[in-house]
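Contents: one structure, followed by commentary.
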Amino acid sequence: MPRRRRRSRVSALEGCREEEAPPEAAAVPPALLTSVQQTQAAAAAAEQILLRGIFEIGRGSCDVVLSERALRWRPIQPERPTGDSTYDMLCKEEFIELKDVFSVKLKRRCSVKQQRSGTLLGITLFICLKKEQNKLKDSTLDLINLSEDHCDIWFRQFKEILAGFSNRPKSLKILLNPQSHKKEAIQVYDEKVEPLLKLAGIKTDVTITEYEGHAVSLLKECDLQGFDGRHWKPLFAIHWSVQRLFTGIQTLEPSVVCIGGDGSASEVAHALLLRAQKNAGMETDGILTPVRAQLPLGLIPAGSTNVLAHSLHGISHVVTATLHIIMGHIQLVDVCTFSTTNKLLRFGFSAMFGFGGRTLALAEKYRWMSPNHRRDFAVMKALAKLKPEDCEISFLPFNSSEDVQERRAQGSPKSDCNDQWQMIQGQFLNVSIMAIPCLCSVAPRGLAPNTRLNNGSMALIIARNTTRPEFMKHLKRYASVKNQFNFPFVETYTVAEVIVHPRNNSSRYNPGEEEEEPPETASENSFPWNVDGDLMEVTSEVHVRLHPRLISLYGGSMEETNDSKVTCNCL
């Protein structure tokens, strides 16, 4: 009997396009409303009402109103005298913003004999919620109603609204590194990422990378044009739909997602930017003004430190990163180019020379260890053999004036503004150049806490020669809330360009120093650099340029992209 009464109420309200103000709301004098309440009321009145009906939410029947931007509901209660505080509390309106909804499904009760369809119960909305510490969480809201026709109308309307969010990806090309961290990337994808993407209705095409540089070969070298997917036999065993990844002939152009650590993420970003230069007809050698990557990149953390993902999302959390991708939250991020004389080495976000480079070179020799043990062992061994590097460092201080920014955007070489360049030289234990904060679990404030993702500048952090105990104090400060730069031997600069020129062979990799054989990639005449967790070996000086907002990454602050308030207790 209660179900029938609900259906009669639904038929009475179904198809209503204009909402009348409830008697209780009309009885409140406007003078008693706060400015916030008046603003909310005005905004609600300005929205077009799409549907109105009765659904059971939680344990009670509610009057539900769907507008262009929000879903609002108010419990239906018997009339009581005005001024009853209990009644006012029970009738408080609750709402969710539709931009927080990422999927809608018909809710059915299926039995063993009913494999495909069962008794209709209502509609389920899947919602992205913001939790503590930048963490996102998926939740559900059930709208219970047994009417097939009524639920079909609402379901179609929800689907139409969700289809209107053009910034959300419809298909994803996923590059997965099975060797990241503890070789958990495949498990992370199967258990946490794929179910959410499937729930959101996003098509996926997964490639498991087989070697270092596979992503670059796939996204840069392969000629994806001129092939028919039905007959194409790709060089790498990937799905034929990748052929349309960059051609533009696919209506819903896929985005790219990397599941792995910092090295994998940096490699994919480098590959996307190289592809963008190729599509623009630009030569990568001696490039001064690279073009922006056409496709956004999503980062799912599955490495040991996850500096890129942590800096992007404020937390290293798989579900949070996946929901940012599903919701289409885009963040423009600055990128650096690392080059030698008229030759581009790679794109990247951060680099360390000296202690940081030597530590990574040592860690690469002990890949058989677990990631944490390998890192700790390499740090201890590098500290035991700590020695400074004799370098000359030239840098262009960051200047936010429009004329300097315009000259920099036009690729003005160093000689065009010699009066602004500064130079320091001496014995340095470590040199860090970072365009992002570089947050991670061992450095909660970040390796470069004073920089941002897209403020158009880099942080140059120099640790001059000092005693081993003092340098260790500096390193330990990264794990605390104290200022890690409050040492007389540490200097920090905000820069736009940096040139690091080693003046002797002290920092070159010397295989005679170690008992074990050096890595196959090591060279006796090279200087080790740590670029985004990847070992880069260079035989001469390195020129680092910052390029503002060169790539779009899925992520960002929820305060900017998703500050809705969900007040219902059932979520």
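The values are calculated or read from the model by the stated rules, or taken from the named source; none is laboratory data. Remember, predicted model here, so these are calculated numbers, not experimental data. Please note: Cβ atoms are built from the backbone with ideal geometry, for glycine as well, and neighbour counts cover all protein chains shown. Side chains included, ligands, DNA and RNA excluded: accessible areas come from the protein's heavy atoms. Shrake-Rupley method; radii C 1.70, N 1.55, O 1.52, S 1.80 Å.
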Revision key, fill the gap. Within the range 312-338, the residues that are part of a strand (DSSP E or B), open to solvent by less than 30 Å² (accessible area, probe 1.4 Å) and not charged (D, E, K, R) are Val333, Val335, Cys336, Thr337, Phe338
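Residues Arg468, Arg477, Arg445: which one is open to solvent by 10 Å² or more (accessible area, probe 1.4 Å) and either closer than 28 Å to Phe338 by Cα or aliphatic (A, V, I, L, M) (or both)?
Working: Arg468 fails: either closer than 28 Å to Phe338 by Cα or aliphatic (A, V, I, L, M) (or both); Arg477 fails: either closer than 28 Å to Phe338 by Cα or aliphatic (A, V, I, L, M) (or both).
Being open to solvent by 10 Å² or more (accessible area, probe 1.4 Å) and either closer than 28 Å to Phe338 by Cα or aliphatic (A, V, I, L, M) (or both) holds for just one of Arg468, Arg477, Arg445, which is Arg445.
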Practice item. Among residues belonging to the range 355-379 that are among the charged types (D, E, K, R) and outside any loop (DSSP other than H, G, I, E, B), point out the one that is farthest from Thr467 (Cα to Cα). Key: Glu364
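Yes or no, residue by residue, for (1) within 20 Å of Pro548 (Cβ to Cβ); (2) surrounded by 15 or more Cβ atoms within 10 Å (Cβ to Cβ); (3) at pLDDT below 85; (4) in contact with a Phe, Trp or Tyr (Cβ under 7 Å, 6 or more places away or on another chain):
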{"position": "Pro254", "(1), (2), (3), (4)": "no, yes, yes, no"}
{"position": "Val257", "(1), (2), (3), (4)": "no, yes, no, no"}
{"position": "His270", "(1), (2), (3), (4)": "yes, yes, no, yes"}
{"position": "Glu283", "(1), (2), (3), (4)": "no, no, yes, no"}
{"position": "Asn306", "(1), (2), (3), (4)": "no, yes, no, no"}
Point to revise | Residues that are touching a strand residue (DSSP E or B) at 6+ places or on another chain (Cβ under 7 Å) and either closer than 16 Å to Thr320 by Cβ or not charged (D, E, K, R) (or both), drawn from the range 195-213 | key: Leu196, Leu197, Leu199, Ala200, Gly201, Ile202, Thr204, Val206, Thr207, Ile208, Thr209
Check your understanding: What residue, among those in the range 440-469 that are more than 16 Å from Leu312 (Cα to Cα) and among the charged types (D, E, K, R), is farthest from the chain's Cα centre (by Cα)?
Key -> Arg468
Point to revise | Boolean, Ile153 is assigned to a strand (DSSP E or B) and modelled with pLDDT of 95 or more | key: no
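Starting from residues that are closer than 19 Å to Ile259 by Cβ and small (Gly, Ala, Ser), keep the ones in the range 285-304 and report whichever is surrounded by the fewest Cβ atoms within 10 Å (Cβ to Cβ).
That would be Ser304.
Yes/no matrix, rows are residues, columns are (1) among the hydroxyl-bearing types (Ser, Thr, Tyr); (2) more than 20 Å from Gly213 (Cα to Cα); (3) modelled with pLDDT under 90; (4) within 23 Å of the chain's Cα centre (by Cα):
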site: Trp529; (1), (2), (3), (4): no, no, no, no
site: Asp532; (1), (2), (3), (4): no, no, no, yes
site: Ser540; (1), (2), (3), (4): yes, yes, yes, no
site: His543; (1), (2), (3), (4): no, yes, no, no
site: Arg549; (1), (2), (3), (4): no, yes, no, yes
site: Ser552; (1), (2), (3), (4): yes, yes, no, yes
site: Lys565; (1), (2), (3), (4): no, yes, yes, yes
site: Asn569; (1), (2), (3), (4): no, yes, yes, no
Exercise for review: Tell me the strands (runs of 3 or more DSSP E) entirely within the range 46-137 that contain at least 1 residues that are modelled with pLDDT of 90 or more, more than 24 Å from Ala163 (Cβ to Cβ) and touching a Phe, Trp or Tyr at 6+ places or on another chain (Cβ under 7 Å).
Suggested key: 49-57, 60-67, 94-97
Point to revise | Complete set of residues in the range 345-354 that are surrounded by 22 or more Cβ atoms within 10 Å (Cβ to Cβ) and hydrophobic (A, V, I, L, M, F, W, C) | key: Phe347, Phe349, Ala351, Met352, Phe353
Practice item. May I ask you to say which residue of Glu491, Glu497 is buried (at least 18 other Cβ atoms within 10 Å of the Cβ) and over 28 Å from Pro371 (Cβ atoms)? Key: Glu497
Revision key, fill the gap. Picked from the range 335-372 (must be touching a helix residue (DSSP H, G or I) at 6+ places or on another chain (Cβ under 6 Å) and at pLDDT below 90), the residue farthest from Gly261 (Cα to Cα) is Tyr366
Exercise for review: Return only the number of the condition from (1) touching a helix residue (DSSP H, G or I) at 6+ places or on another chain (Cβ under 8 Å); (2) modelled with pLDDT under 95; (3) among the aliphatic types (A, V, I, L, M) that Ala163 does not satisfy.
Suggested key: (1)
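Please specify each residue of the range 434-458 satisfying the condition of being part of a strand (DSSP E or B) and either in contact with a Pro (Cβ under 9 Å, 6 or more places away or on another chain) or of a type in the set (Val, Ile, Thr) (or both).
In the first step, residues of the range 434-458 are kept if they are part of a strand (DSSP E or B); the result is 434, 440, 443, 458.
Ala443 - this is the single residue of the range 434-458 that is part of a strand (DSSP E or B) and either in contact with a Pro (Cβ under 9 Å, 6 or more places away or on another chain) or of a type in the set (Val, Ile, Thr) (or both).
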Exercise for review: Restricting attention to the range 168-209, report how many residues are in a helix (DSSP H, G or I), closer than 16 Å to Ser304 by Cβ and not polar (S, T, N, Q).
Suggested key: 2
Review point. Which pairs have Cβ atoms under 6 Å, sit 6 or more apart or on different chains, and link a residue in the range 423-438 that is in contact (Cβ under 8 Å) with a residue 40 or more places away in the chain to one that is part of a strand (DSSP E or B) and open to solvent by 20 Å² or more (accessible area, probe 1.4 Å)?
Key: Gln425/Glu392; Phe428/Arg464; Ser432/Met352
